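Peer 1: Take a look at the following structure, please.
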Amino acid sequence: MQHIGDTHRGWAHVGALVATCALVCLAACRPDESRSTGSTNVQRGAAPTTAGGEVDLGADDGQWVMPAKNYAATRFSGLTEINEQTVARLRPIATFSTGTLRGHEAAPIVANNTMYIVTPYPNFVYALDLTKPGLPVKWSYNPKPLLASQGVACCDVVNRGAVYDAGKIFFNTLDGRTIALDAATGKPAWDTKVAEINIGETITMAPLVVKGRVLVGNSGGEMGVRGWVKGLDENSGKVVWTAYATGPDKDVLIGPSFKAYYTKDQGKDLGVSSWPPGAWKIGGGTMWGWIAYDSTLDLIYYGTANPGPWNPDVRPGDNKWTSTQFARRPEDGTAVWAYQLTPHDEHDYDGVNEQIIADLPIGGQTRKVLIRPDRNGYVYVIDRQTGQLLSANPYVFINSTTGVDLKTGQLAVNPDKSPQVGKVIREICPAAPGGKDWQPSAYSPKTGLLYIPHQNLCMDEEGVSANYIAGTPYVGMNVKMYAGPGGNRGEFEAWNPVTGKQVWAVKEDLPVWSGALVTAGDVAFYGTMDGWFKAVDARSGKLLWQFKTGSGIIGQPVTYKGPDGHQYVAVLSGVGGWSGAIVAGMLDPRDSSAAAGFVNAMRDLPQKSTMGGMLYVFGL
Amino acid sequence: MGPSLERNIARTLLITVAIAAVACEREQRNLGQSQSAAPSAFVADVDLQPGPTFISDTSEGPFDDNAYNTAEGQALFEEMNCSGCHAHGGGAMGPALMDDQWIYGSLPNQIFASIAQGRPNGMPAWKYRLNNKQIWELVAYVRSLSGLTPKGARPAREDHMMVIPAPNQTPNAKPKNSSLPSASMFP
């Protein structure tokens, strides 16, 4: 184990003492005694148990143990101390510099009065002590990823966060390792190499721990990578199963228990036959986004990324199972159902966005659904038991497709907007990052609304020849993006998944590339790429409070109950990611194809935001 | 007299052998590759040199003023997927190549080294995939992006969707962060 600073070692030696003190005397340690309500810190034993017999830490509103808050991925907290009335009094109570300057997409994780942060490359991990003023560092860890991994990460060297489970912190490194650290000491329990940078694989996603499995997927859809999700044994780090997104059924873990709802997704070895010979081996379908879990049905849900190369002419066919919603068993990865959202994707519409688990009244019944605001521009509501489509309505302006047939499940492509080799097709909406990209929505069971942070971009595309050379980009598309209709490049939108309609929307000048958070206090939080951290009324969208952080915000806000019993909100500020690559990578806007065409839409960002890497914690 | 004559003969022999050696080497090469050896000297990537000596590298790239080879470099830049990582000079996963900032230097020899040997933070080493001539062609094209080669030799247009100004219209972006003199600073 390597600590970043030796001074942190001391904490390990007196760990027990600190823990004891934390429990007994931390209230007295707080500078503001009047706010020390004497409430004890939240113990994991207090959390409810799931149907699978698991302790569902995600149900504990005092903590925030995984980026999506809970297995249902709602990013909803039951805490109410910060609400429409009080939120105006929110003020920063602590800040912490992460020591890195690239895009900070991670969610701070809170477990047992400790906050865990994983930074962009080089993926430092910090444990901050929430029981002491100023949140001092308890321990830190430097995984020392390979320098060269920076060159194969398509869209900035981001990391979407760590996860806490059973006394350990799990996270991924850019150079393709999954690491488990002892949450109390920062000592590594295991360190497993799962991806290979020499074939273009990196890892940027946050793992999810379900029933003793650490679920991890690869990035590299722009590098001719073959996508997979792996289930690692939580205790040993050994790879128990690997489910590829392309190739024969046995590689995709499609067996006798698999049942696709729609005819279009039924058949043998579609992961081979829906491609030109052999193309599935370098066909993409990576998984760098979000996984949800329903403990009652015992199913994990995730979607796969775009097919490669972007140039669709060289891969006639549906290109299964790219841009596909999967349901699998967590223990062995067996596929239970699949629904291809965007067959033969033409515009880099990955399917890795979040899917939120909810039970909604639809057609007079309560349906167990997934709510998926997809990159292709539609909010899908899908029966999570069968994969049946219940609705698919556009939440952004779309002209690349004309709708989804609920009977056949088929997405209707607008051929006028299909890219062609040697010809520039203009005004394709949404652009390559889609209606929304990785930035996760929040769902409030209280308001029944989905809070979608997203962009509003269109693009020009020209297909060019794509040459596969392992470890280099395999794209074959010239792209140039710009603002969509209305001119605002971003929006924070409240959406009713039952009616399939927008309820309100806040227009933002820049793409909203941060995650969303919503609470029972009926306040929704998000950040802007020019650094404003905002709280809006969850029912009306009215701005209630805002604070200007040092850099642009593309991270995931979280909320938790501090050891003093009070509610806090935390977010990382540090612009970057694909949208912020112009700043984080110091790119040259004279080339409108820079950062796969995103730079063209972000020419003014360097005047509005500078690089940064800072944690902000707010309280009343 | 004697020793001096001997010395002269020896010198002549040496020169002859040297010329013959070079000629042999030439014979081993394919036509048109006479100018495509790797840089003959070690390349400095940094401006800082201990001691008072300041050795400047003034050698030019063999194809800097050759429009045909620069165009070949442009084609290679697409075919080898350089454009995937550097876009059309504005940068993506790799840094911008059309600006006035260089991490490892803007001189032909330095850029040759960047491409052939690779660079630590994610630039692949191409020497096992490309021959010296191809690398020099890429050097000429990379330098043309920021106007460091003669205007007449730079590509007049992009072959595809116009995403960058034509390199032959790009003003010379005098490298900012290097005190090493550039080999060819054409206006």
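Peer 1: Let me know the shape class of the range A:146-198, please: from the alpha-carbon gyration tensor, a ≥ b ≥ c as square roots of the eigenvalues, rounded when a/c is under 1.5, otherwise prolate if a/b is greater than b/c, or oblate. Display every interim value, and only then the final one.
Peer 2: Details: a/c = 2.88, a/b = 2.00, b/c = 1.44.
It is prolate, given that a/c is not under 1.5 and a/b is the larger ratio.
Peer 1: Can you give me the % of accessible surface on the range B:61-182 that is carbon or sulfur? Probe 1.4 Å, all protein chains present, nothing else counted.
Peer 2: Carbon and sulfur atoms account for 52 percent of the accessible area of the range B:61-182.
Peer 1: Across the residues of A:478-490, average count of Cβ atoms on other protein chains within 10 Å?
Peer 2: 1
Peer 1: Within 11 Å, Cβ to Cβ, of residue A:446, how many net charges do the neighbouring residues add up to if Lys/Arg are +1 and Asp/Glu are -1?
Peer 2: Once positives and negatives cancel, what remains is 0.
Peer 1: Report, in debye and to the nearest 20, how large the dipole of chain A comes out about its Cα centre when Lys and Arg carry +1 and Asp and Glu carry -1 on their Cβ.
Peer 2: 500
Peer 1: Only counting protein heavy atoms at a 1.4 Å probe, give the residues of the range A:584-619, ordered by number, whose accessible area falls by 30 Å² or more when the other protein chains are present relative to the chain alone.
Peer 2: Residues shielded by partner chains are A:586, A:587, A:588, A:590, A:591, A:593.
Peer 1: Right, something else. What is the dipole size for the range A:170-250, taken about its Cα centre, with +1 at each Lys and Arg Cβ and -1 at each Asp and Glu Cβ, in debye to the nearest 20?
Peer 2: It works out to roughly 220 debye.
Peer 1: Other chains near B:160-170: what is the mean number of their Cβ atoms within 10 Å of each residue's Cβ?
Peer 2: Details: counts 8, 16, 6, 13, 6, 2, 0, 0, 0, 0, 1.
So the per-residue partner count for this stretch is 5.
Peer 1: Rounded, prolate or oblate: which fits the range A:423-515 when a ≥ b ≥ c are the square roots of the eigenvalues of the alpha-carbon gyration tensor, with rounded for a/c under 1.5 and prolate only if a/b beats b/c?
Peer 2: Prolate.
Peer 1: Below 8 Å between Cα atoms, with a sequence gap of 6+, how large is the relative contact order for chain A in percent?
Peer 2: RCO, chain A: 15 percent.
Peer 1: Then there is this: Determine, from the Cβ-Cβ distance of residue A:249 and residue A:470 and an R0 of 22 Å, the FRET efficiency 1/(1 + (r/R0)^6), rounded to the nearest 0.05.
Peer 2: Numbers: r = 26 Å, r/R0 = 1.16.
Plugging the Cβ-Cβ distance into 1/(1 + (r/R0)^6) gives 0.30.
Peer 1: Give the angle, between 0 and 90 degrees and rounded to the nearest 10, that separates the Cα long axis of helix A:15-29 from the longest principal axis of the Cα atoms of chain A.
Peer 2: That works out to roughly 70 degrees.
Peer 1: Now, a different point. Mind listing the long-range amide H neighbours of residue A:214? Cut-off is under 5 Å, sequence gap 5 or more, other chains count too, H placed in the peptide plane at 1.01 Å from N.
Peer 2: Result for residue A:214 returns A:232, A:233, A:234.
Peer 1: If you don't mind, there's one more thing I want to ask. I need the trypsin sites (Lys or Arg not before Pro) found in the range A:503-595, filtered to DSSP loop residues with at most 15 other beta carbons within 10 Å of theirs.
Peer 2: On the way: sites: A:507, A:534, A:539, A:542, A:548, A:561, A:590; in loops: A:539, A:542, A:590.
Passing sites in the range A:503-595 are A:542.
Peer 1: Mind checking the dipole of the range B:61-182: about its Cα centre, +1 per Lys or Arg Cβ, -1 per Asp or Glu Cβ, Debye to the nearest 20?
Peer 2: 280
Peer 1: What percentage of all Cα-Cα pairs in the range A:327-414 are separated by more than 19 Å?
Peer 2: The proportion of pairs with Cα distances above 19 Å equals 40 percent.
Peer 1: For the pair residue A:240 and residue A:366, how long in nm is the line joining their label points, each one 7 Å along Cα→Cβ?
Peer 2: 3.0
Peer 1: How much FRET efficiency would the formula 1/(1 + (r/R0)^6) give for residue B:151 and residue A:198, where r is the Cβ-Cβ distance and R0 is 35 Å, rounded to 0.05?
Peer 2: 0.30
Peer 1: Can you pull the percent of chain A's accessible area that's carbon plus sulfur, 1.4 Å probe, other chains left in place?
Peer 2: Roughly 54 percent, rounded to a whole number.
Peer 1: Let me ask something else. Rank A:467, A:217, A:366 by how far each Cα sits towards the positive end of the charge dipole of the protein assembly as shown (+1 on Lys, Arg Cβ; -1 on Asp, Glu Cβ) and give me just the farthest.
Peer 2: Highest projection toward the positive end goes to A:366.
Peer 1: In addition: For each pair in A:211/A:238; A:193/A:238; A:417/A:507, compute the distance between the two Cα atoms and list the pairs where it is over 18 Å. Before the final figure, lay out the partial values.
Peer 2: Values: A:211/A:238 15 Å; A:193/A:238 10 Å; A:417/A:507 26 Å.
Going by Cα-Cα distance, A:417/A:507 fall outside the 18 Å limit.
Peer 1: Would you mind getting the accessible area per residue of the protein assembly as shown, heavy atoms of the protein chains only, 1.4 Å probe, in Å²?
Peer 2: Here the per-residue accessible area is 36 Å².
Peer 1: Also, I was wondering about something else. If you take the accessible area of B alone, add that of A alone, and subtract the area of the pair, what total do you get in Å², probe 1.4 Å, to the nearest 100?
Peer 2: Summing both sides, the interface buries roughly 2300 Å².
Peer 1: Work from the charge dipole of the protein assembly as shown (Cβ charges, +1 for Lys and Arg, -1 for Asp and Glu, about the Cα centre) and give the residue of A:528, A:76, A:176 farthest towards its positive end.
Peer 2: In the protein assembly as shown, that residue is A:76.
Peer 1: Here is a further query. Once fully extended, how much extra length lies between residue A:95 and residue A:399, figured as 0.36 nm per residue of separation less the alpha-carbon to alpha-carbon distance?
Peer 2: Details: separation 304, 0.36 × 304 = 109.44 nm, distance 4.34 nm.
That works out to 105.1 nm of additional length.
Peer 1: By the gyration tensor of its Cα atoms, with a ≥ b ≥ c the square roots of the eigenvalues, what is the shape of the protein assembly as shown: rounded for a/c under 1.5, prolate for a/b over b/c, or oblate? If you can, show how the numbers build up before the last one.
Peer 2: Values: a/c = 1.95, a/b = 1.53, b/c = 1.28.
Here the protein assembly as shown falls in the prolate category.
Peer 1: Separate question: Could you tell me which trypsin sites (Lys or Arg not before Pro) in the range A:405-504 are loop residues by DSSP with no more than 13 other beta carbons within 10 angstrom of their beta carbon? Please report the intermediate quantities before stating the final value.
Peer 2: Working: sites: A:407, A:417, A:423, A:426, A:436, A:446, A:480, A:489, A:501; in loops: A:407, A:436, A:446, A:489.
In loop regions of the range A:405-504 (DSSP not H, G, I, E or B), the sparsely surrounded trypsin sites (Lys or Arg not before Pro) are A:407.
Peer 1: For the range A:231-247, what does the Karplus curve 6.51 cos²θ - 1.76 cosθ + 1.60, with θ = phi - 60°, yield as ³J(HN,Hα) per residue in whole Hz, taken in order and with x for Gly and Pro?
Peer 2: Coupling constants for the range A:231-247: x, 9, 5, 4, 8, 9, x, 6, 6, 8, 8, 10, 10, 6, 8, 10, x Hz.
Peer 1: Give, in nm to one decimal, the length gained when the segment between residue A:604 and residue A:406 is fully stretched (0.36 nm per residue of separation minus the Cα-Cα distance).
Peer 2: 67.2 nm
Peer 1: With Kirkwood's inverse mean 1/r over C-alpha pairs for Rh, give me the Rg to Rh ratio of the range B:61-182, two decimals please.
Peer 2: Result: Rg/Rh = 0.92.
Peer 1: In whole angstrom, note down how far apart the Cα centers of the range A:281-335 and the range A:399-444 are.
Peer 2: A separation of 18 Å, based on Cα centres.
Peer 1: Please give the residues from the range B:107-137 for which the solvent-accessible area of heavy atoms, probe 1.4 Å, is smaller by at least 30 Å² with all protein chains in place than with the chain isolated.
Peer 2: In the range B:107-137, residues shielded by partner chains: B:120, B:121, B:122, B:129.
The values are calculated or read from the model by the stated rules, or taken from the named source; none is laboratory data. Just so we're clear, the structure is a prediction, and the values are computed from it rather than from any experiment. Quick reminder, even Gly has a Cβ in these numbers, built from the backbone with ideal geometry, and neighbours come from all protein chains shown. Heads up: the accessible areas ignore ligands, DNA and RNA and are worked out on the full protein's heavy atoms, side chains in. Shrake-Rupley method; radii C 1.70, N 1.55, O 1.52, S 1.80 Å.
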